[in-house]
Amino acid sequence: LAISSQGMSTLLGCMTKDIKTAAELFALPFVPQLLFLGFFVEISQIPGWIRWVRYICSMKYALNLMLLAEFSEDTPENNAFLDDLDVKRSAWLLDIMMLVTIAIVFRII
């Protein structure tokens, strides 16, 4: 998550001419990610035309990995909680690959 976030911050820093503007823009990509985590607001409550944004949010993939580590026991309660947050046990490798991909893409841009 830190490397992906650093890539986004570097991109925003390069797009501005002064530090004050860059500092103001740093919250821009991170605050909406809280909405798309599915932790505070269910994904089904987000309008369909904007749900795709969750697939480019590095925080979502990091949260998925943290939840899989925390709720690693295969119990009905843990499975229900992970299902509510749309976290798939079999997708841990995809989550890692997406974090790495997001980090690389933002550094290349």
task = Could you list all residues from region 4-32 that are more than 17 Å from T101 (Cβ to Cβ), open to solvent by less than 70 Å² (accessible area, probe 1.4 Å) and aliphatic (A, V, I, L, M)?
result = L12, A22, A23, L25, A27
Subset of region 62-109 that is among the acidic types (D, E) and closer than 30 Å to L11 by Cβ - its residue that is most open to solvent (accessible area, probe 1.4 Å) = D86
key: Residue pairs meeting the criteria (Cβ under 7 Å; at least 6 apart or on separate chains; first closer than 21 Å to M59 by Cβ, in region 70-86; second among the polar types (S, T, N, Q) and open to solvent by less than 50 Å² (accessible area, probe 1.4 Å))   = F71/N78
inquiry  = Which residue is surrounded by the fewest Cβ atoms within 10 Å (Cβ to Cβ), if the candidates are limited to region 42-54 and must be within 14 Å of the chain's Cα centre (by Cα) and without any contact (Cβ under 8 Å) to a residue 24 or more places away in the chain?
reply    = W52
request  = Could you tell me whether L1 is open to solvent by 30 Å² or more (accessible area, probe 1.4 Å), at pLDDT below 80, under 16 Å from L99 (Cα atoms) and among the aliphatic types (A, V, I, L, M)?
outcome  = yes
remark   = By residue number, the members of region 1-58 that are on the phi > 0 side of the Ramachandran plot and either in a helix (DSSP H, G or I) or of a type in the set (K, R) (or both) are none
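The values are calculated or read from the model by the stated rules, or taken from the named source; none is laboratory data. Because the structure is a prediction, the values reported are computed rather than measured. Counting neighbours? That spans all protein chains shown, and the Cβs are built from the backbone with ideal geometry, glycine included. Just the protein is used for accessible areas: all its heavy atoms, side chains included, with ligands, DNA and RNA removed. Shrake-Rupley method; radii C 1.70, N 1.55, O 1.52, S 1.80 Å.
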